[in-house]
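Since the structure comes first, as structure tokens, the remarks are kept for the end.
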């Protein structure tokens with residue numbers, strides 16, 4: 001049993017067998033992600049069925065995805081910053097940080113909400129044009145974007161509370177909020193899209209309503225005192241130091257995801273230049289990509305908690321064992337999911353398109369890039385490790401390395417110099433993923449050695 005000073009920790013995090021607690025914290029996030037993937041597939045299914053012969057509905061929403069990803073990046077950065085700070089503060093028994101995290105985080109979310117509504121929304125049409133949208137792709141993309149943008153402020157507020165719960169290890173409440181949002185979205189999608197005849201606008205509106213319900217639930221967790229961290233809802237708890245600590249981890253994480261968003265923008269431009277149908281397939285594959293990477297992201301979320309609390313306590317040898325166990329479990333789970341989708345790709349994608357060339361592009365992408373999802377597991381969990389110990393810049397560099405420094409140059413050369421078309425895109429992505437895996441693996445090992453020797457310390 002944990003001692004009295006560990007009252008904020010989940011039993012098993014700081015001592016005892018690693019695999020059970022890793023599975024315990026990963027599974028709720030994994031199940032929540034399964035529900036989200038079901039929603040993504042369902043949402044894609046309904047949007048595609050607005051008109052199966054017109055790929056511009058699905059393609060239009062795909063063009064908007066880099067913009068949506070931008071807001072997701074900001075929200076994810078906030079959540080990672082909060083959860084890492086809370087986890088390390090629990091390990092250090094730092095009550096001052098724990099008592100000021102919520103209100104300080106809410107101020108950040110308020111500022112981001114003003115930015116999204118007052119700055120981004122008025123220029124939505126210009127942004128869509130800059131993304132290369134034309135004709136019906138532009139029309140459907142703009143409709144979707146204008147209706148989805150109000151979800152931004154809701155998500156910014158939700159992630160503050162989810163981050164606190166994740167830092168504590170109370171993953172079941174995070175999972176519950178994910179399930180509430182996605183199940184409600186699944187129910188509302190056909191109602192708004194078809195019964196109310198709102199097409200892509202209905203899909204966006206359903207998302208806003210569902211995310212609002214999820215936010216209300218996550219706030220009630222604190223109102224009902226289910227968390228050991230109390231919130232006073234007081235302006236006096238807004239502390240500059242806490243805000244800086246959140247942003248020190250959150251901003252590099254957001255920037256890393258923004259780099260991903262910008263890279264998707266560039267990749268989309270390259271792909272649509274090859275073939276508009278290839279872009280539709282590229283977007284469809286992006287939705288299913290989440291399935292292969294669910295275990296990686298679920299375990300990555302657990303690592304922020306487990307490694308963060310052990311880092312705060314100085315248990316560096318245990319952190320080494322945690323990472324080894326992470327990679328063992330992750331490679332097995334990601335490998336199984338990848339094998340299933342790669343083998344059955346023709347049948348999996350068939351319900352989403354009647355256009356044979358779109359189906360061919362989608363199947364070929366998964367057949368070529370299948371192994372990259374295994375290598376991505378190492379990179380994703382490696383980034384989570386660095387975030388957990390308070391070193392966000394290596395995590396940022398790993399993202400920059402994979403997408404900008406390796407994938408993009410190779411892609412440009414193979415597509416525009418050697419005229420390899422989509423094969424050039426796929427080879428660029430595969431090469432970058434494999435290279436990043438080796439860098440992440442050796443960098444994590446060396447960092448743990450340096451922590452143990454005292455050469456570097458926890459931030």
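Odds and ends about this structure:
- Lone unmet requirement of (1) surrounded by fewer than 21 Cβ atoms within 10 Å (Cβ to Cβ); (2) over 21 Å from the mean Cα position of the chain (by Cα); (3) touching a residue at least 60 places away in the same chain (Cβ under 8 Å) for residue 34: (2)
- Condition broken by residue 311, with the remaining ones in (1) modelled with pLDDT of 90 or more; (2) closer than 26 Å to residue 87 by Cα; (3) under 23 Å from the mean Cα position of the chain (by Cα) satisfied: (3)
- Looking at the range 108-175, the helices (runs of 4 or more DSSP H) lying wholly inside it that each contain 3 or more residues that are touching a helix residue (DSSP H, G or I) at 6+ places or on another chain (Cβ under 8 Å) and closer than 19 Å to residue 210 by Cα sit at 135-148, 151-168.
- For the range 198-219, the condition of being assigned to a helix (DSSP H, G or I) and without any contact (Cβ under 8 Å) to a residue 12 or more places away in the chain holds for at least one residue.
- Criterion violated by residue 385 - all others in (1) touching a residue at least 40 places away in the same chain (Cβ under 8 Å); (2) surrounded by 22 or more Cβ atoms within 10 Å (Cβ to Cβ); (3) within 30 Å of residue 45 (Cβ to Cβ) satisfied: (3)
- Selection count, the range 113-133, where residues are under 26 Å from residue 276 (Cα atoms), surrounded by 13 or more Cβ atoms within 10 Å (Cβ to Cβ) and modelled with pLDDT under 80: 3
- Filter result (surrounded by fewer than 16 Cβ atoms within 10 Å (Cβ to Cβ) and closer than 23 Å to residue 421 by Cβ) within the range 317-349: 346
- Residue in the range 169-189 that is closer than 30 Å to residue 393 by Cα, buried (at least 17 other Cβ atoms within 10 Å of the Cβ) and over 19 Å from the mean Cα position of the chain (by Cα) present: no
- Residue within the range 298-316 that is closer than 26 Å to residue 410 by Cα and surrounded by 19 or more Cβ atoms within 10 Å (Cβ to Cβ) present: no
- Qualifying residue in the range 238-245 (condition: over 21 Å from the mean Cα position of the chain (by Cα) and in a loop (DSSP other than H, G, I, E, B)): yes
Yes or no, residue by residue, for (1) without any contact (Cβ under 8 Å) to a residue 60 or more places away in the chain; (2) out of contact with any strand residue (DSSP E or B) (no Cβ under 9 Å at 6 or more places or on another chain); (3) under 19 Å from residue 427 (Cα atoms):
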position	(1), (2), (3)
248	no, yes, no
260	no, yes, yes
278	no, yes, yes
284	no, yes, yes
287	no, yes, no
297	no, yes, no
302	no, yes, no
343	yes, yes, no
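- Filtered residues of the range 346-378 (kept if under 29 Å from residue 436 (Cα atoms) and not in a helix (DSSP H, G or I)): 370, 371
- Filter result for the condition that a residue is in contact (Cβ under 8 Å) with a residue 60 or more places away in the chain, more than 17 Å from the chain's Cα centre (by Cα) and buried (at least 23 other Cβ atoms within 10 Å of the Cβ), over 75, 81, 105: 105
- Residue match in the range 226-236 (condition: more than 25 Å from residue 50 (Cβ to Cβ) and part of a helix (DSSP H, G or I)): yes
- Extreme residue, farthest from residue 413 (Cα to Cα), among residues of the range 265-287 that are surrounded by fewer than 21 Cβ atoms within 10 Å (Cβ to Cβ) and under 18 Å from the mean Cα position of the chain (by Cα): 287
The values are calculated or read from the model by the stated rules, or taken from the named source; none is laboratory data. The shown structure was predicted, so the numbers you read here are calculated from the model rather than taken from an experiment. Backbone-built Cβ (ideal geometry, glycine too); neighbour counts: all protein chains shown.
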